1. Given Asp308, Asp281, which one is open to solvent by 10 Å² or more (accessible area, probe 1.4 Å), assigned to a strand (DSSP E or B) and among the charged types (D, E, K, R)?
2. Given the residues Tyr94, Tyr69, Tyr61, which is the only one that is crowded, with 21+ Cβ neighbours inside 10 Å, more than 37 Å from the chain's Cα centre (by Cα) and among the hydroxyl-bearing types (Ser, Thr, Tyr)?
3. Return the pairs, sorted by first residue and then second, in which the second residue is of a type in the set (Asp, Glu), the first residue lies in the range 261-273 and is buried (at least 23 other Cβ atoms within 10 Å of the Cβ), the beta carbons are less than 8 Å apart, and the residues are 6+ apart or on different chains.
4. Do any residues in the range 791-814 that are closer than 14 Å to Glu352 by Cα have Cβ atoms under 7 Å from those of residues that are acidic (Asp, Glu) and not in a helix (DSSP H, G or I), where the two are at least six apart or on different chains, and which pairs are they?
5. When you go through (1) in a loop (DSSP other than H, G, I, E, B); (2) buried (at least 19 other Cβ atoms within 10 Å of the Cβ) one by one for Gly694, which number turns out not to apply?
6. Checking Asp658 against (1) surrounded by 12 or more Cβ atoms within 10 Å (Cβ to Cβ); (2) modelled with pLDDT under 90; (3) of a type in the set (D, E, K, R): exactly one of these is not met. Which one?
7. Within the range 619-636, take every residue that is outside any helix (DSSP H, G or I) and out of contact with any helix residue (DSSP H, G or I) (no Cβ under 9 Å at 6 or more places or on another chain) and give me the one that is modelled with the highest pLDDT.
8. Consider the range 707-739. How many of its residues are under 35 Å from the mean Cα position of the chain (by Cα) and not small (Gly, Ala, Ser)?
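The values are calculated or read from the model by the stated rules, or taken from the named source; none is laboratory data. What you are looking at is a predicted structure, and each value in this text was computed from that prediction instead of being measured. Cβ atoms come from the backbone with ideal geometry, glycine included; neighbour counts cover every protein chain shown. When the accessible area is computed, the model is the full protein with side chains, heavy atoms only, and any ligands, DNA or RNA have been set aside. Shrake-Rupley method; radii C 1.70, N 1.55, O 1.52, S 1.80 Å.
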Amino acid sequence: MEKKVKCGSEAFSGPMLQILDRLQAFGEFDIVHFGDKVILEEPIERWPVCDCLIAFYSTGYPLNKAEAYAALRKPFLVNELGQQHLLHDRRAVYERLERFGIAVPKYALVNREYPNQELDYFVEEEDFVEVHGNRFWKPFVEKPVHGDDHSIMIYYPSSAGGDEGVVPKDLPAVGNRSSEFHPEVRRVRREGSYIYEEFMPTGGTDVKVYTVGPEYAHAEARKSPVVDGVVMRNPDGKEVRYPVLLTPMEKEMAREVCIAFRQAVCGFDLLRCEGRSYVCDVNGWSFVKNSYKYYDDAACVLRKMFLDAKAPHLSSTIPPNLPWKVNEPVQPSEGLTRQGSGIIGTFGQSEELRCVIAIIRHGDRTPKQKVKLKVTEEKLLNLMLKYNGGRPRAETKLKSAVQLQDLLDATRILVPRTRPGRESDSEAEDVEHAEKLRQVKAVLEESFSISLLELNFVFPVLISFLWKVQLKPLKWVKVAKDNGEGEEERPVEALMILKYGGVLTHAGRKQAEELGRYFRNNMYPGEGTGLLRLHSTYRHDLKIYSSDEGRVQMSAAAFAKGLLDLEGQLTPILVSLVSKDSSMLDGLENASTKIEEAKARLNEIITSGTKTVHNNGQPEKPWMVDGAGVPPNAPELLPELVKLTKKVTEQVRLLAKDEIEELAKTSPYDLIPPYDQAKALGKTNIDVDRIAAGLPCGSEGFLLMFARWRKLERDLYNERKERFDIKQIPDVYDSCKYDLLHNAHLNLKGLDELFKVAQLLADGVIPNEYGINPWQKLKIGSKIARRLLGKILIDLRNTREEALSVAELKSNQDNNSAVQNNGKEDTDYHSKSQSKVCKRKNTRATCANTAVLYIRISYPFLDECSSLLQPGRISSREASLVSDNALERLCRTKELDYMSYIVLRLFEDTEVALEDPKRFRIEMTFSRGADLSPLEGNDSEAASLHQEHTLPIMGPERLQEVGSHLTLEMMEKMIRPFAMPAEDFPPPTIPQGFSGYFSKSAAVLERLVNLWPFNKHKNTNSDS
């Protein structure tokens, strides 16, 4: 087939050329540019003949001439030409939107036949205008009716400081400015016709939506220039845009806009306000800029349109390898995630994947740290009062950049001084106090940089990631008030707690991003090049939840970047796509008593070496004893652990000695050159310069590294009481593993020996901290994960009910198909799309092979998350969610390391009766994460990755035997006793201003009939 595409001046833009190049790479099309000379000077009879035509209006374009050509040659039109006239009149645009039931802002028309015409239906007062009795209070928007006039004004009330007009976002930007305040503007314009509409607060963001056909919509947001008139740009000068997930209702709106104006490639503006969405402008032909993912998608969608319209005998299936990517270099992090037994493979021929739920742990992080010290210094006590409203007994939390700067200023003054009431630093308590203050100062100085002050303004969520400081009053005294009238309380001592560390490393980001790519390419069968167009197509509904911890949120953002093949920095992705929900594992307090009992018993087992066997005899399974996994020689290992910890700590002290001496010479206000931790959050590679200089990797200096090891040494063994604290064993193991991976270049002697001892003990402590036997694990785990388990069941039920609703609707439509198809089939592409009833027997032509409706990526994942599988671990005689072989593997799994995950996939067998429980089955897999030892010497791939300070993520493993059938009904029955009932759930946690967004209307369900493949393998022979 010869394919010639007519392109005007816009066709030569960067995005258009990117898409045309990709179309040509398929080898199925010839691309022909008509050129300005042909379009403007030649008669239409001499224009090239083509099968498919891309034509769109721009200034000077002869649209009427193009319409005559289309009528003569009858090519397939991507964007119909007659409807493009509507786009030049905002009145016609709003009228058509309303005709198709698409929500628009409240508006009114003021039509003038000549400039300054007085109209009896138009009234202007100081703070409102009234049109035909409809009153619009300031702020309101004034738009010229002509679509090419971008001089849009916003009028503000006098309560905002006087009437102001703003030329906002639609004005072409000059430099970084695209709008400007005009305080001298007092009255609305009267020289023409205008639309007045209600101003909608959108939180300072604009949403741009770009369709490519009715079933694809790409959305992105930007900071609205209305806020300050300034366009945010990245270092390359490009406008900063953030990815946006459209809700099901917004995807329906995108489809309706595409159909209403009969423009397959169409851009429009979306306003999100108070839980609803509105279309406020339709631009017609528009492409996304600077997004290679979008160019790939657009080329694939347009290819399908062209082949369906003009060459239906050719397959429009997306090839596994896109032709323009064949010679692309392999991404350097590929291979970080390994294949496993649990995902790759075929499933039932009549089965469709309906839902994927993943619970994932965060990526590699720095060790978590905490500094506690009692403070009596007046500067620190006054700082506490400053930020707690002057309440002497109230706790204060310092999180913002300004608050932390105040704390840093105070510690700089106090570090060289002694504590009040003491003569010197000679006493051990004073030395320790001064050392801790010095540590607080070092933490703030090494992590704080001026860029964070700006960051706090734009993305305040990041500041709370990095540090948390609490000041808790401990003692108070009565003092006379300053005015002499009575007494008041004043704090004289407070407890300062500084929490830092636990920050996602460059390796953690790389792990999360690569795991997202692995999911895209392997978790969703039948999607061509992986999970193509996940967040943009009609069939997909993605939700990503995270706890409120920084490392977890950034892991979720990195995973989303890999999963959705996004570009750019993590912060915009985090803000746009990740919903913070810290309540998923909020049952820790309910289980605190049981946890303390378990830890007390575990301490007894480790220090005494005794274990308890239940059932008065040999255990049925190895995990039936209390403290399974604790090494039998644990009492002998503990002193060795202490000795080796001291050896490593002393070496780090010597490395930090020069840094400490250098600090002693500096003025309290001399600032250590800051290490920009906000910038470090975006890194995916090791800091070569720091390593070459012999410094620790990441943001940690020797002083903080020494403080970390010194605290471990002190807390692990109390020499005065001659008592071991087994709760410190996981922390020692964590620090060893971190330094072996990230600081191997420091050559700390004995660190590898310490790691081996710590690992032996940690393999016994970590699996038993939240229950020392299966029964206790189940009780504690179900309390902690009760809400999460309930949420999983709700998602699975909702997916099942939606699938059944669509299947019933499809069945009803099939019964009426004879009546609906008694006329000739409409060959017009847009008419087919507009139909609310599926008119094609071969539904495979309308969609990809697999419908993925829900994906829940949850990151509130603790080490004890194996509790989710506990209902299958009690006894091999009981019914189990997992197979016996899987139980054995779970028993041998000592640790769920970074990026470990559990995945549930829900399949629907479309050939099984609707009422049969076997119609829906669950497949469960899990991965141990990056659990290889950094000392691993027999794995060449791991050794290579070790050079990049990271470890490979183990592939998924099956939790059921091949061919087994765990029905959704069976899983519900087993999980329900441990899950929060649906009726106990509060209203869904939805981003502010988005209430009611995530429901599906009847129209959405009708569209799913066309988009979901039914019996896709039945008619293979006839299809071919």
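1. None of the others qualify; the one that does is Asp281.
2. Tyr69
3. Listed by first residue and then by second, the contacts come to Gln263/Glu80; Phe268/Asp281; Leu270/Glu250.
4. Taking only residues 6 or more apart or on different chains, the pairs are Ala803/Glu908.
5. Only one criterion in (1) in a loop (DSSP other than H, G, I, E, B); (2) buried (at least 19 other Cβ atoms within 10 Å of the Cβ) is unmet by Gly694, namely (2).
6. Going through (1) surrounded by 12 or more Cβ atoms within 10 Å (Cβ to Cβ); (2) modelled with pLDDT under 90; (3) of a type in the set (D, E, K, R) one by one, Asp658 breaks only (1).
7. Pro632
8. Step one: of the range 707-739, the residues under 35 Å from the mean Cα position of the chain (by Cα) are 707-709, 711-712, 727-739.
Now restrict to residues that are not small (Gly, Ala, Ser): 708-709, 711-712, 727-734, 736-739.
The number of residues fulfilling the criteria is 16.
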